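K.L.:
Okay, handing you the structure first.
Values quoted throughout were computed directly from the atomic coordinates according to the rules given, and no laboratory measurement underlies them. Everything numeric in this text was worked out from a predicted model, so none of it was measured. All Cβ positions, glycine included, derive from the backbone under ideal geometry; neighbour counts span all protein chains shown.
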Amino acid sequence: MMLLVTSGVAPYLAQAESILDVGDTFIVPLLLKLAFVLGIFFVGPLVAGYLEHKAMGRMQHRRGPVEAGPFGTLQLVADGIKFIQKEDLIPSAADKWVFAMAPGVALVPAMLALLVIPFGPGVFALDLELGLFYVLAASSVSVLGVLMGGWSSANKFSLFGGLRAGGQLIAYELPLILAAIAVAVQAGTLSLVGIVEAQAEFMLFGTGINLWYVIPQLLGFGIFFVAALAELSRPPFDMPIGDSELVFGYMTEYSGIKYAMYMLTEYAGMVTMSALMVVLYLGGWQLLPGVPLPGCEAAGGLFDCGVTGTLLGVGVMLGKILLLVFVMVWLRVAYPRLREDQLQRIAWLVMVPLALLNLALVTIAKVVY
Amino acid sequence: MSDLDLRQEFLAGTAPGEDIAVQLSGDGQFRTADMSLSIGPAHPATHGVFRIVLDLDGERGREARPVIGYMHRGFEKLAEHRDFRQIFALVNRHDWLSGFSNELGTALAVEKLMEFEVPDRAQWIRMLLAEWNRVLNHLMFIGSYALELGAITPMFYAFREREDIQHLLESATGGRLHFTYNQVGGLKIDLPKGFLAESTQVSSLVRSRLPDYFDLVLGNEIFHGRTKGVGPLPMEVALSLGVSGPTLQAPGLPEDPRVTEPYLKYGEIDVEVPVGENGDAFDRFYCLLHRIRVSLDIIDQIHDHIPPGPVNSKLPKMVKAPEGATYVRIENPLGQLGYWLESDGGRTPWRLKMRTPSFSNVQAIPYLMRGQLIPDAGSILGSVFFVVGDIDR
Amino acid sequence: MAPSAPPGIGLLKGLGVTIKHLFQRPSTLMYPHERDVLAPRTRGVIALMDENCTVCMLCSRECPDWCIYIESHKETVPPAKEGGRARTRNVLDRFAIDFSLCMYCGICVEVCPFDALWWSPEFEYSEYEMGSLLHEMDKLREWADTVPPPPPLDEGAVLPAEVSDALAKVEKERELAAAKELEAKQAAEAPAETAGDAPKKGKAAEPEIHVKAGEIDQEAFDRLIAEGKSERMARSKAKAAYVKKEKARLLAEAEAAGGDAEAESPAPKAAEVKVDAGEIDQETFDRLIAEGKPERMARAKAKAAYVKKEKARLRAEAESDTGEGTGADEPAEVPSELGASPEAARQALDADGAATDDDAAPEVAAEAATTEAPAARKLGDIHVEGAGEIDQEVFDQLVAEGKSERIARAKAKAAWVKKQKQAKLDEEGGA
Ligand code: SF4
Ligand code: SF4
């Protein structure tokens, strides 16, 4: 939260005006932004989790949750309440402080990453000039929490899980960042809002056809998606959890609210990463390439929209996020898990070279045109 | 290392699981210690109370020692105090996924000892239900093996099919796992009306859904990556360890009592034995999946063969087997099941020795797991198909 | 062997299979809301028809884990006839099955020589404690109401010897009856014989009585079906309803017999009924077999029919002993050979039931519908009031306690019958 407080004076201050910056006072926008980020942080994972439950259920010839709330929509709320009620066990051999802190260390960065992600025209807490850099940096801190949990549990399975998670992060952070850099190079900015803007202005070489970055950087998008999956430990890269090998990986010894925090981290990570992909590659809150949102035709179709335009923009953004979340769920349903060494091999022998190639191509294209 | 060395080494060790000691290795500059990891007795990968002690160097294991016996229920001894009617309720429980086949083996053994001629109709119906039981069993293992590799979905599909089949079997036998449908001399009661029609229908339904498993699991590249070349079991080792069923067919030996030593009426129909090439986990799974298809083929053939007539014959009030001993082996879903039945002329077996396929199959685990990674250990464990109750009995 | 190949066709196929299922109907059965219809042979729970049990202890002895507990005492039965010998018989005091030990092997059901034990597909009796799984006679008796009729056998099956014998016998009797009927028709043309023939005809028509053993209460059945109940459940409930109705009717009859003296003719002495215990009603048995009921069910029902008949006879005897006339207020248009007595009235009623019972042989139904329907309908009206009655209080309470609807309903029905009986007793006491 310090970033937020200091943002008014720091040199990397907001580029675009957030609609949450109402009035002249300092405290009202601050509270609004806090509420906004926390709201996204708690509601987003619930929606993503519900989508996962339902989509997975239907793909597996089941119904998914049906009892809690209409169509089972409150299932995750019920789960949350259950977790809070459960006994919070700490193994006697555990390193108690580290064990207790680990879920928090995993959780907070996932929340912080949401600070700079724009969810619609002007709907963001902060537009950092270094937004992209900040998101990637913040989200990679989460793995510390995982490592701490794995180490402090005093359980061999947890330790394996934690170490696997560490190895996985190091291996996949690189292609992730390289792919993201390519986007930054093409857009010419690190600001996430700026990248969305740049996508609205990007024309296919010399023609008047507006395109999102997913087309010119299809390779980069693929790399980013796979790397994001690996970083989130989502199947088929869920070796840190690997429930049929490592019982439950680094979460084996966790129960109750701490376990719920880990789960929340995972789903919040899914939302954050999906949102990031939408911003970087899928044109943010634009409905279609080159088609301005209704109500905001004036400012390049991206800002200063009316109420409808804003709501529509947010809706489009959330729709795209959920679509990506759905794809992640789909992969989980369809595939078995890879092996740790195979994962490393893919990272270093395939992903990193491809990401470098992608970066080189984008740079050359940028220079030539 | 030859398999003989392997076995001697294995036998020379102390009691399994008790010699867990920390060994120091390395050249003395950087001291590392092997870690011993106890997988089980309650672990998701062992589906049952089965334990494996792995000596690990990082993620790579050096030795693996299976520890069995957590589920010993003393069926062989219990059977000595149950009469020939009651033992059927015992034998369908040691391998709870192959209840019907176990009953069948027992019935055949008792009938052989009594030199009892079972009516044709009963024999065909026994075959029909035994094949259905095989499909049930294999579906379960397809689901659980995929689950072991982290794919959750095939399990649900398999259970959907299982539900249809269990419904079918329930309508005839009244049971879903423990059928208790065989008796000495035939079957308890004839099939209900409409059973064969429903059986035909379920058979074509399951057959129409089989491609899903081929597409979802067998053809998947990640699945290939996890199973091809993992845990190969050469033919000689397989033979000397006494494994059977898909585990033996995977190295390429088409050994199957249904073909090589036909019992019931298997001699009158075509039975195909799918075999693999390398004997690795992939081949074992491949054989398993194809065995479902073969069983469905057999089922379809049986439908055309069932003659009218009685399904059981008149028995004396007290069934007593004459003095003597006999051995019967049949192809259980997981491999060869043998019953050694010895009678002293009384109303209970004097000795009922079970040679269960799971027990023999897990003998291959120390060989297969040597030097494997932890994830591969799971993959191997799942591919040597076993039921813990069938190991411990 | 690094699977570094670009995502191949296998990966896409996997996606295809899963997305295909996304658009299919899930196969989930929403269990507490929807229920599966289990096969009639399902070994769900063991039900006891304690009326049939003779305490022979076979089941308890054969059970592989000895989880059946039976207690009994001996009772002396006074001689059936004047000057006969008194006999002793076993009376069942306790019959309990410990379902925490039971391995559901079915041996007890198989060995019971008196058809007292049955499998019911009922399965909702889980408990929080192991000890609560020890179920006593009353509970086991309740389950007996849920026992479905066994399914018919496959076409290729050989029927048991008793069944095929019985079938042959029935076939023969049918022929005989047909011949008799022809005779009777011819005789009916002669005007003088109507009154004189009554007892004989009553006897000839006797098999008609026993159709009721397999009877269901059609009204209840229709209602349950309309409520969306499964056919089997509806049938079993309808049967229960029928039995209840029947009881109510008997009570009403007894009442009527006490008051009115409208009887046209005295009840015929049912001298042909034997008193031996364990007897089955052979005609019922044969008829049920002919209707395609399996042998076991037929036997059990025939036994029940015998007991019922026996009771009716005793009542009739008692009535004639007190010197009062007996009969029912049956109308004049009843064919004379049926309208002679309560017995006969019941025949008419039963025939009516048969006409609506979809299980009954069509020819019986047709016959009954044409000849006896009018009278029966009128008589039938009397006991419609009791149809499907349950004790609402008890029902509500049980449902509130979380009992399944089925059990609650069964219990509530039992409670109703009990209440009714109590009321009857009180009334009589007051009178
Ligand atoms: S089913 Fe078997 S175990 Fe259960 S009570 Fe009957 S005989 Fe005993
Ligand atoms: S075998 Fe049947 S009749 Fe004999 S005691 Fe058991 S239930 Fe009663």
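K.L.:
Quickly rank B:328-337, B:345-354, A:186-195 as a protection proxy: mean count of other C-beta atoms within 10 Å, highest first.
P.N.:
The densest-packed peptide leads the list: B:328-337, A:186-195, B:345-354.
K.L.:
Here's something else I'd like to know. For the peptides B:223-232, B:315-324, what is the packing order when you average, over each peptide's residues, the other Cβ atoms within 10 Å and list the highest mean first?
P.N.:
Averaged packing, sorted descending, gives the order B:223-232, B:315-324.
K.L.:
May I pose another question? In Å and whole numbers, how far do the C-alpha atoms of the range B:180-298 stretch along each principal axis, longest first?
P.N.:
Computed over the Cα atoms, the extents are 48, 34, 26 Å.
K.L.:
If a/c stays under 1.5 just call it rounded; otherwise compare a/b with b/c (prolate if a/b is bigger, oblate if not). Do that for the range C:36-100, with a ≥ b ≥ c from the square roots of the Cα gyration tensor eigenvalues.
P.N.:
Since a/c reaches 1.5 and a/b is larger than b/c, the shape of the range C:36-100 is classed as prolate.
K.L.:
Here is a further query. ³J(HN,Hα) across the range A:51-59 via Karplus (A = 6.51, B = -1.76, C = 1.60, θ = phi - 60°), whole Hz, x for Gly/Pro?
P.N.:
Each residue of the range A:51-59 in turn: 4, 5, 4, 5, 5, 5, x, 5, 5 Hz.
K.L.:
So how strong a dipole does chain B carry about its Cα centre when Lys and Arg Cβ are +1 and Asp and Glu Cβ are -1, to the nearest 20 debye?
P.N.:
Using only the charged Cβ atoms, the result is roughly 1220 debye.
K.L.:
May I ask for the Rg/Rh ratio of the range B:259-323, computed from Cα atoms with Rh as the Kirkwood radius, given to two decimals?
P.N.:
1.18
K.L.:
What is the range C:45-144 by shape, rounded, prolate or oblate, if you read a ≥ b ≥ c off the alpha carbon gyration tensor as root eigenvalues and call it rounded for a/c under 1.5, prolate for a/b larger than b/c, and oblate otherwise?
P.N.:
Judged from the Cα gyration tensor, the range C:45-144 comes out prolate (a/c at least 1.5, a/b above b/c).
K.L.:
For peptide B:88-94, compute the average count of partner chain beta-carbon atoms within 10 Å of each residue's beta-carbon.
P.N.:
For peptide B:88-94, the averaged partner shielding equals 3.
K.L.:
Enumerate the amide H contacts of B:W350 below 5 Å, restricted to partners 5 or more residues apart or on another chain; note that Pro and chain-start residues carry no placed amide H.
P.N.:
For B:W350, the qualifying residues are B:E342, B:S343, B:D344.
K.L.:
I've got another one for you. Using Cα centres only, tell me the gap between the range B:61-136 and the range A:132-152 in whole Å.
P.N.:
54
K.L.:
Can you tell me how the range A:67-131 classifies by the Cα gyration tensor, rounded, prolate or oblate, using a/c under 1.5 as the rounded cut?
P.N.:
oblate
K.L.:
Taking only C-alpha pairs under 8 Å that are 6+ residues apart, what is the relative contact order of the range A:41-171 in percent? Before the final figure, lay out the partial values.
P.N.:
Working: 132 pairs, mean separation 26.0, N = 131.
Result for the range A:41-171 is 20 percent.
K.L.:
While we're here: Mind listing the phi-derived Karplus ³J(HN,Hα) values for the range B:300-315, rounded to whole Hz, using 6.51, -1.76 and 1.60 with θ = phi - 60°, and x for any glycine or proline?
P.N.:
5, 5, 4, 3, 7, 9, 5, x, x, x, x, 10, 8, 10, 5, 10
K.L.:
Shifting gears a bit: Provide the per-residue ³J(HN,Hα) series for the range B:167-178, in order, calculated from phi with Karplus coefficients 6.51, -1.76, 1.60 and θ = phi - 60°, each as a whole number of Hz, with x at glycine and proline positions.
P.N.:
Calculated HN-Hα couplings, in order: 4, 4, 5, 5, 5, 9, 9, x, x, 10, 10, 9 Hz.
K.L.:
Sticking with this structure for a sec: Please average, across the residues of B:138-147, the number of beta carbons from any other chain that are within 10 Å of each residue's own beta carbon, and give a whole number.
P.N.:
On the way: counts 0, 0, 0, 0, 0, 0, 1, 2, 2, 3.
If you average over the peptide's residues, the count of other-chain Cβ atoms is 1.
K.L.:
Please give the average number of partner chain Cβ atoms lying within 10 Å of the Cβ of each residue in C:148-156, rounded to a whole number.
P.N.:
6
K.L.:
Quick one: in chain B, what % of C-alpha pairs are over 30 Å apart?
P.N.:
Everything past 30 Å amounts to 41 percent.
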